[in-house]
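Values in this text are rule-based calculations from the coordinates and carry no lab data. It should be emphasised that the depicted structure is a prediction, and the values quoted were computed from it without experimental measurement. Virtual Cβ from ideal backbone geometry, glycine too; neighbours counted across all protein chains shown.
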Amino acid sequence: MDAIYQGNWITYLGNNEGKVWEFKKSIEVDKKIKGAKLYSSAIGTYAAYINGQKTDVYHLAPGYTWYKKRVQYQVTDVSELLNIGKNEISIFVAYGFLCQINKHENPMTDHLPGLEPMNTAIIVAIEIEYEDGSIDVIYTDDSWVAYETMIRSSDMYNGEVVDYTFSETIKRDVRIIDSDKSILIPQEGEIVKTQEVLSVENVITTPCGETVLDFGQNMVGHFIVTFSGDSKEELTLECGEVLDKYGNFYNGNYRAAKARLNLICDGKKHTYESDFVFYGFRYVRVTKSSDSVSLDDIKGVVVHSDMARIGHFNCSNEELNMLYHNIIWGQKGNFVDLPTDCPQRDERLGWTGDAQVFSNCASMNYNTNKFFKKWLGDMRACQRESGVILKVVPSSWATPSAAWSDACVIIPYNVYMQYGDKSVIYENYDMMKKWVEYIKNNYDEYTQTDSYHYGDWLALEKEDSYIGLTPRKFIANAFAAYSTYLFIECSKAIGKDYSTYTEFYNFVKGKIREEFADEETYLKYNPGTESSLDTQTYYVLRLYFKLYDSENERIELAKKLSEKIIKNNYKLQTGFVGTPYLLFALSQNGYVDLAYTLLLQREYPSWIYPITKGATTMWEHWDGIKENGEFWSDKMNSYNHYAYGSVGEWMYREMAGINAQASGYDEILFTPKTDDRIKNVFASIETGKGLVSSEWKIEDGKTKYVFVVPENVKATAIINDKEYKLLSGVTELCI
Ligand code: BGC
């Protein structure tokens, strides 16, 4: 058992009040050290220092988990940091992820039993092995002391106030929290660390006279600031993602999150880098309390979970390349320890629907195996006895929603297919089963209750509606069938009996036919209600989830979908639920040309429209900035929301045509789809089997294809309905 279990959870006496606290202990080392390890964790977000040196490269440790049941701890080799003689151990702790004070969630009041709400705690052990073979363990107990620090407030939403004039040296006693240590788990996810450092591209004086720095990229992370000023003078940096239509600073869309760094000077020059918060920003408004304050340097430090980049895409169309760039940056900014909806406003939560929608694309861009497995651990921990999977993980917010809760099946399946690692199925099998059982046992209530479900979130059929017109009951049924289908696939993968689930799958499919489709038109309208089945998303789900019984029905559904799009001036109307599958439903059912028309559409609503408005990340709304330059309401408008970035999956799987035909790319199916409006496409994925790539070029009326297949992998290409068996290595075809 790791040494951390010898430690005690400790907290200071008194109230936190949002400050960063320092826990301290001096230790004597009197013999030569062979090796030393630091085991550390916190309720809150901590940074560990030995003799003034930071012990590790991670940020935001111990990460965000459902603290009530699971708290990760980190292990660092600190052999080089300890000296013979006196050594100072300092652990700084801030609210960090604890402050998810959203209406859906409040980990601050629902964490370690025995710890006051709104307070933080740490647990630490240092294991020292001496050259003479003896071992010492120094751990947190009531001999540690605590101090307030110059970071007078620090939280993920509001940012920080750092007062360099602060010099309190009052020692506070600490209290041992008599609490169960079984909630401690070793680090499961990827650590969050600095990935790159951006410089300011432009210093703007806005029409209203303010100084605004432009980093040129909507990014997520923190600042390194070098500044000086007379004692008590202040420098304030505030974050924004876009400028308003007049070119002025704007961050109304951050809602209650202040997202600002307030530095109070002491007459000297300092460089400050935060360990405890992150912001989402492209623009920074700089305010100085007087001319004596100087901002000598500022950098934007991009942090995210340390996943390996495995996927690449480029093509002859620069706007599509920019779209791909925005998808990648959407992932960078929202894969900061857990998959979040957005990184800037007072939300930043593990919304299950958003993560599900983007999970396949994400897993082709980066290796997400460890990242998702850790978050799925929290999903399991938060699952209700009834089987209900929450809309936000971690949280204690107990109602399910179709397409959100189904993340518990869709994500393990997608991760398994990308990396071929069955442990993601073994670990999550019971959770998936309980979820499918929940739907089965509560079929009438769950699939018939509109109020549970978010529907086709942000679809466009109805002005000022958040949920579009596709009936929520239909979506609930479609996802019940899809989750059951994927659960059966997962059962097959690990040799479990699934017969009763095949029955349930057929039952739901039958219900969909009975209630939502008639023989003749494949539609049934619900006169007198606002919902209509005649939406793009309706056809998309029936096609992509294969909710039809005959070839003729499939052809008719695809025809109806194409007609709807053409009638809508070649534009989409789908929301979070329909969008990820929209282009697949077209290109896999005879409408490749129309799929490309939607992808290349530049007018609102489309994927390229935000790019024409200067987007450098994916937007939450198709019209985050409207054609007249106005913003979608402040109420809910993120410029860094990855959900619609799910289209990247289509770019890999249909444009370039790289598909894992068997899990982990044991078998590959190439299905490249060309279009005259694009001259060439290239994509590659570094799979567990080796590098896979696909490229095509249109030249002199011919298309040249180049495929790269790893050793010992079976591969087939299907081009214009003709099959080509491919060998390992490079194959070129000219057709
Ligand atoms: C989030 C979404 C999320 C949704 C659920 C929003 O506030 O930002 O992305 O899925 O709520 O309806």
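Which value at 222 nm does the chain reach when only helices count, each DSSP H run of 4 or more adding -39,500 (n - 2.57), with the total divided by all residues and rounded to the nearest 500 deg cm²/dmol? Walk me through the numbers before you get to the answer.
On the way: 14 runs with 175 residues, N = 735.
Result for the chain: -7500 deg cm²/dmol, rounded to the nearest 500.
Assign unit charges at the C-beta atoms only (+1 for Lys and Arg, -1 for Asp and Glu), then state the dipole size of the range 388-497 relative to its Cα centre in Debye, rounded to the nearest 20.
Working: 10 positive and 14 negative charges, 57 e Å.
Taking the Cα centre of the range 388-497 as origin, the dipole is about 280 debye.
Principal axes first, then extents: for the Cα atoms of the range 527-578, list largest minus smallest coordinate on each axis, whole Å, largest first.
29, 27, 22
Just going by the charge dipole of the range 590-735, with Lys and Arg at +1 and Asp and Glu at -1 on Cβ, which of A643, V730, A717 is farthest out on the positive end?
Of the options given, the answer is V730.
In the range 507-577, what chymotrypsin sites (Phe, Trp or Tyr not before Pro) fall in a loop by DSSP, with at most 15 other Cβ atoms inside 10 Å?
Working: sites: F507, F516, Y522, Y525, Y538, Y539, Y544, F545, Y548, Y570, F576; in loops: Y522, Y525, F545, Y548, Y570, F576.
Listed in order of number, the matching sites are Y525, Y570.
State the answer as a single residue: which of G267, F516, Y157 lies farthest towards the positive end of the charge dipole of the chain, with beta carbon charges of +1 for Lys and Arg and -1 for Asp and Glu, about the Cα centre.
Of the candidates, F516 comes out farthest on the positive side.
Going by a ≥ b ≥ c, the root eigenvalues of the Cα gyration tensor, does the range 634-686 fall in the rounded group (a/c under 1.5), the prolate group (a/b larger than b/c) or the oblate group? Numbers along the way, then the final one.
On the way: a/c = 3.42, a/b = 1.59, b/c = 2.15.
Cα axes put the range 634-686 in the oblate bin.
Give the residue list of GluC sites (Glu not before Pro) in the range 409-476 that are DSSP loop and have at most 11 other beta-carbon atoms within 10 angstrom.
Numbers: sites: E427, E437, E445, E461, E463; in loops: E461, E463.
Filter output for the range 409-476: E463.
Can you tell me what share of the DSSP beta bridges in the chain is antiparallel? A percent to the nearest 5 is fine. Walk me through the intermediate numbers first.
Numbers: 136 of 148 bridges.
So the antiparallel bridges amount to about 90 percent of the total.
Please report E556, E238 as a ranked list, fewest other C-beta atoms within 10 angstrom at the top and most at the bottom. Let's see the in-between values first.
Numbers: E556 16, E238 22.
Lowest to highest Cβ neighbour count: E556, E238.
I need D675, D136, D178 ordered by Cβ neighbour count within 10 Å, fewest first.
D178, D136, D675
Hey, any idea what the orientation-averaged projected area of the convex hull of the chain's Cα atoms comes to, in nm²? Don't jump to the answer; show the numbers that get you there.
On the way: hull surface 137.0 nm².
Taking a quarter of the hull surface, the average projection is 34.3 nm².
If you count, for each residue, the other Cβ atoms within 10 Å and average over each peptide, how do 386-393, 278-285 line up from highest to lowest? Don't jump to the answer; show the numbers that get you there.
Numbers: 386-393: 23.0, 278-285: 25.5.
Final packing ranking: 278-285, 386-393.
Residues with beta-carbon under 12 Å from that of T399, excluding T399: net charge, scoring Lys, Arg +1 and Asp, Glu -1?
Values: positive: R384, K391; negative: E445.
Charge balance near T399 sits at +1.
Using Cα-Cα distances under 8 Å and only pairs 6 or more residues apart, what relative contact order does the range 490-629 have, in percent?
Working: 123 pairs, mean separation 20.6, N = 140.
About 15 percent, as a whole number.
Magnitude of the Cβ-charge dipole of the chain, K/R +1 and D/E -1, about the Cα centre, nearest 20 debye?
Numbers: 76 positive and 103 negative charges, 156 e Å.
Dipole size: approximately 740 debye.
Rounded to the nearest 20 Debye, what is the dipole magnitude of the range 354-451 about its Cα centre when Lys and Arg each give +1 and Asp and Glu each give -1 at the C-beta?
Values: 10 positive and 11 negative charges, 76 e Å.
Here the size comes out at about 360 debye.
Using only alpha carbon pairs under 8 Å that are at least six residues apart, calculate the relative contact order of the chain and give it in whole percent.
Numbers: 1786 pairs, mean separation 79.3, N = 735.
Relative contact order, the chain: 11 percent.
Can you give the net charge of the other residues whose Cβ lies under 14 Å from the Cβ of Y724, counting K and R as +1 and D and E as -1? The partial results should precede the final answer.
On the way: positive: K704, K714, K722, K725; negative: D721, E723, E732.
The answer is +1.
Sorted from fewest to most neighbouring beta carbons within 10 Å, what does the list I224, I89 look like? Don't skip to the end; give the middle numbers.
On the way: I224 16, I89 24.
Fewest-to-most ranking of I224, I89: I224, I89.
If you project the alpha carbons of the range 428-478 onto the principal axes, what extent comes out on each, in Å, largest first?
In descending order, the Cα extents are 41, 23, 15 Å.
Relative contact order for the range 179-271: what is it in percent, counting Cα pairs under 8 Å that are at least 6 residues apart? List each step's numbers first, then the result.
Values: 104 pairs, mean separation 25.5, N = 93.
In percent, rounded to a whole number, it is 27.
Hey, can you rank 325-336, 490-501 by average C-beta count inside 10 Å, highest first?
325-336, 490-501
Could you quote the convex hull projected area for the range 587-735, Cα atoms only and averaged over all directions, in nm²? If you can, show how the numbers build up before the last one.
Working: hull surface 41.8 nm².
One quarter of the hull surface, i.e. the mean projection, equals 10.5 nm².
Considering only S228, A308, N253, whose Cα is most displaced toward the positive end of the charge dipole of the range 213-312, charges sitting on Cβ of Lys, Arg (+1) and Asp, Glu (-1)?
N253
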